[in-house]
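The values are calculated or read from the model by the stated rules, or taken from the named source; none is laboratory data. Since the model is a prediction, treat every value here as computed from it, not as a measurement. Counting neighbours? That spans all protein chains shown, and the Cβs are built from the backbone with ideal geometry, glycine included.
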């Protein structure tokens, strides 16, 4: 459980460090998060064989969304090991000038 | 529909549990209870007689057409409920490519933004349907002032939405655009 939280935090940092990711989303219905004792990491759901990352994309886009998702996946893949990575675009937000 | 199926099953199981408890009470002749009196006790003596007659008719192969029709309807309803229960649930997210999804809300926002870029569009309503294959079905109703060239506006809205969604990378399998005339005093963008 603590390992899942650690992995979720690392995945969150990697996703946020990707150009074009404005912030992490929290899902549309139930909150997308990884829960641990007294703590949670929003925007990343760690499952035994999959990691789901919810992102909010900056608009204007840097390339297309599939390309951005691929960049996030590449950064996160180093952290998640053999688990599949699913990227969910929760929203697009216009960058404030 | 799954919720409906669950309610049916819960009610059925609750009824069976109640009948089971009643059967135990009556089977052991607790108090003055006798199994033969159970239908009367629960006020279903008429139904019990009817069921007895029905079972007798079914065994002798002399069911009346109404009974056959009711049985066929029950079988049909059962098949429909079974099919709906076994059908995989509709996906909630629009698949862009393997492992990458976008929420319906995000697609709706993009389509609305693109549709309302044109000053002639007073407001727009977008509905996005998710499909199992990559892409989404997008249905747009754009409201314009009366007397506008709806054909030209429809093409304009379609082009803008297609371009915007293509820029974002959302595959669209079916894009429907309807242009409806509306009273500008009642739309989001008011025109005096």
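Can we say residue B:44 is surrounded by 12 or more Cβ atoms within 10 Å (Cβ to Cβ), touching a helix residue (DSSP H, G or I) at 6+ places or on another chain (Cβ under 9 Å) and modelled with pLDDT under 80?
Here the answer is yes, as residue B:44 does meet what is asked.
Of the set (1) more than 12 Å from residue B:115 (Cβ to Cβ); (2) away from chain A (no Cβ under 14 Å); (3) surrounded by 16 or more Cβ atoms within 10 Å (Cβ to Cβ), all apply to residue B:181 but (3). Find the residue count for segment B:58-94, including only residues that are over 29 Å from residue B:6 (Cα atoms) and within 12 Å of another protein chain (Cβ to nearest Cβ). Result for segment B:58-94: 0.
Restricting to segment A:24-58, and then to whatever is in contact with a strand residue (DSSP E or B) (Cβ under 6 Å, 6 or more places away or on another chain) and away from every other protein chain (no Cβ under 14 Å), can you tell me which residue is surrounded by the fewest Cβ atoms within 10 Å (Cβ to Cβ)? Checking each candidate, the answer is A:40.
Kindly indicate the residue of segment A:13-23 that is farther than 24 Å from residue B:165 by Cβ and part of a helix (DSSP H, G or I) and also farthest from the other protein chains (Cβ to nearest Cβ) among those meeting that condition. Even if it seems obvious, please write down each step before you answer.
Keep residues of segment A:13-23 that are farther than 24 Å from residue B:165 by Cβ, which gives A:13-14, A:16-17.
This time we only want the ones that are part of a helix (DSSP H, G or I), so: A:13-14, A:16.
Numbers: A:13: 20, A:14: 16, A:16: 18 Å.
The residue in question is A:13.
The lone criterion from (1) at pLDDT below 85; (2) more than 30 Å from residue B:105 (Cβ to Cβ) left unmet by residue B:4 is number (2).
Would you check which residues across segment B:141-168 are within 14 Å of chain A (Cβ to nearest Cβ) and under 29 Å from the mean Cα position of the chain (by Cα) and list them? Walk me through it before giving the result.
Narrowing segment B:141-168 to residues within 14 Å of chain A (Cβ to nearest Cβ): B:163-168.
Result: B:165, single match.
Residues in segment A:59-88 that are at the interface with chain B (Cβ under 9 Å from one of its Cβ atoms) and touching a residue at least 60 places away in the same chain (Cβ under 8 Å): A:88 alone.
In contact with a helix residue (DSSP H, G or I) (Cβ under 6 Å, 6 or more places away or on another chain), modelled with pLDDT under 85 and part of a helix (DSSP H, G or I): does that describe residue B:38? Give the derivation first.
Working: in contact with a helix residue (DSSP H, G or I) (Cβ under 6 Å, 6 or more places away or on another chain): yes; modelled with pLDDT under 85: yes; part of a helix (DSSP H, G or I): yes.
Here the answer is yes, as residue B:38 does meet what is asked.
For residue B:89, the conditions (1) exposed (fewer than 11 other Cβ atoms within 10 Å of the Cβ); (2) under 18 Å from residue B:188 (Cα atoms); (3) touching a residue at least 40 places away in the same chain (Cβ under 8 Å) all hold with the exception of (2). Here the condition is being without any contact (Cβ under 8 Å) to a residue 24 or more places away in the chain and touching a strand residue (DSSP E or B) at 6+ places or on another chain (Cβ under 8 Å); of B:100, B:56, it holds for B:100 alone.
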